[in-house]
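Comments concern the structure below.
The values are calculated or read from the model by the stated rules, or taken from the named source; none is laboratory data. A quick note: this is a predicted structure, and the numbers were derived from the prediction, not measured. No Cβ is skipped: glycine too gets one built from the backbone with ideal geometry, and neighbour counts run over all protein chains shown. We work out accessible area using only protein heavy atoms, side chains counted, and drop any ligands, DNA or RNA first. Shrake-Rupley method; radii C 1.70, N 1.55, O 1.52, S 1.80 Å.
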Amino acid sequence: MEFIADNWLAVIGFVTGLLCVWLLIKENIFTFPLGLLYAMVTVVVMMQNKLYADVLLNFYYVLMNAYGWYFWLRGGGMRRAQQTLEVGWLPARQRFPVTAVIVLGTASMGWYFATYTDASLAYADSFTTVL
């Protein structure tokens, strides 16, 4: 119980994240307000742990959850009929450019956070954000 007392915000983030994914699978509109809560809590937790690239990533998730909620409520005329989404592979000609963007983006973001901030795990954190 000491872990929960010391990390209550992270526990709230974990639980709301799981519920958000479950509601998303169920195609329930409440995934968006819960996703907003999850992303906002995660911004705070990542900031406390000096994982600044994840702060940026989760701020993006805040914006996308707000947009998704708005679009679900107001974008009804723009929605398409339900379609099947097929799994695909990245074409061979796109693999090198995508890999280059990942490597250069990770190196650039990691260098920035390592040089100009007190970020924890600047390069690993940047890699997960860029990826």
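Out of TYR112, TYR116, I need the residue that is within 16 Å of VAL55 (Cβ to Cβ) and over 21 Å from the mean Cα position of the chain (by Cα). Which one?
Details: TYR112 fails: over 21 Å from the mean Cα position of the chain (by Cα).
Just a single option satisfies the conditions, and that option is TYR116.
Output the qualifying pairs, or none if there are none: Cβ atoms under 9 angstrom, residues six or more apart or on different chains, first residue in the stretch 79-95 and more than 25 Å from TYR67 (Cβ to Cβ), second residue modelled with pLDDT of 70 or more and open to solvent by less than 80 Å² (accessible area, probe 1.4 Å).
Short answer, once both residue conditions are applied: LEU90/VAL98.
Considering VAL98, VAL45, VAL41, VAL87, which residue is under 20 Å from the mean Cα position of the chain (by Cα) and farther than 25 Å from LEU9 by Cβ? Give the steps one after another, and end with the answer.
Working: VAL45 fails: farther than 25 Å from LEU9 by Cβ; VAL41 fails: farther than 25 Å from LEU9 by Cβ; VAL87 fails: under 20 Å from the mean Cα position of the chain (by Cα).
Exactly one of VAL98, VAL45, VAL41, VAL87 is under 20 Å from the mean Cα position of the chain (by Cα) and farther than 25 Å from LEU9 by Cβ, namely VAL98.
Could you pull out the residue among TYR38, TYR60 that is free of Cβ contacts under 8 Å to residues at least 60 places away in the same chain, surrounded by fewer than 17 Cβ atoms within 10 Å (Cβ to Cβ), in a helix (DSSP H, G or I) and of a type in the set (Ser, Thr, Tyr)? Show your work before the answer.
Working: TYR38 fails: surrounded by fewer than 17 Cβ atoms within 10 Å (Cβ to Cβ).
Exactly one of TYR38, TYR60 is free of Cβ contacts under 8 Å to residues at least 60 places away in the same chain, surrounded by fewer than 17 Cβ atoms within 10 Å (Cβ to Cβ), in a helix (DSSP H, G or I) and of a type in the set (Ser, Thr, Tyr), namely TYR60.
Yes or no: THR106 polar (S, T, N, Q), within 12 Å of the chain's Cα centre (by Cα) and surrounded by 11 or more Cβ atoms within 10 Å (Cβ to Cβ)?
On the way: polar (S, T, N, Q): yes; within 12 Å of the chain's Cα centre (by Cα): no; surrounded by 11 or more Cβ atoms within 10 Å (Cβ to Cβ): yes.
So THR106 fails the test.
Given the criterion among the hydrophobic types (A, V, I, L, M, F, W, C) and either farther than 30 Å from THR117 by Cα or touching a Leu at 6+ places or on another chain (Cβ under 9 Å) (or both), identify the matching residue among VAL11, VAL44, VAL55. Walk me through it before giving the result.
On the way: VAL11 fails: either farther than 30 Å from THR117 by Cα or touching a Leu at 6+ places or on another chain (Cβ under 9 Å) (or both); VAL55 fails: either farther than 30 Å from THR117 by Cα or touching a Leu at 6+ places or on another chain (Cβ under 9 Å) (or both).
That would be VAL44, the only listed residue that is among the hydrophobic types (A, V, I, L, M, F, W, C) and either farther than 30 Å from THR117 by Cα or touching a Leu at 6+ places or on another chain (Cβ under 9 Å) (or both).
For the stretch 1-17: of the residues being of a type in the set (A, V, I, L, M), over 28 Å from ALA122 (Cβ atoms) and part of a helix (DSSP H, G or I), which is modelled with the highest pLDDT? Walk me through how you get there before you give the answer.
First, pick out the residues of the stretch 1-17 that are of a type in the set (A, V, I, L, M): 1, 4-5, 9-12, 15.
Narrowing the set further to residues that are over 28 Å from ALA122 (Cβ atoms) leaves 1, 4-5, 15.
Applying the additional criterion that residues be part of a helix (DSSP H, G or I) yields 4-5, 15.
Numbers: ILE4: 55, ALA5: 55, VAL15: 92.
Of everything passing the filter in the stretch 1-17, VAL15 is modelled with the highest pLDDT.
So in the stretch 63-78, with the set limited to residues that are out of contact with any helix residue (DSSP H, G or I) (no Cβ under 8 Å at 6 or more places or on another chain) and modelled with pLDDT under 85, which one is most open to solvent (accessible area, probe 1.4 Å)?
Of everything passing the filter in the stretch 63-78, ARG74 is most open to solvent (accessible area, probe 1.4 Å).
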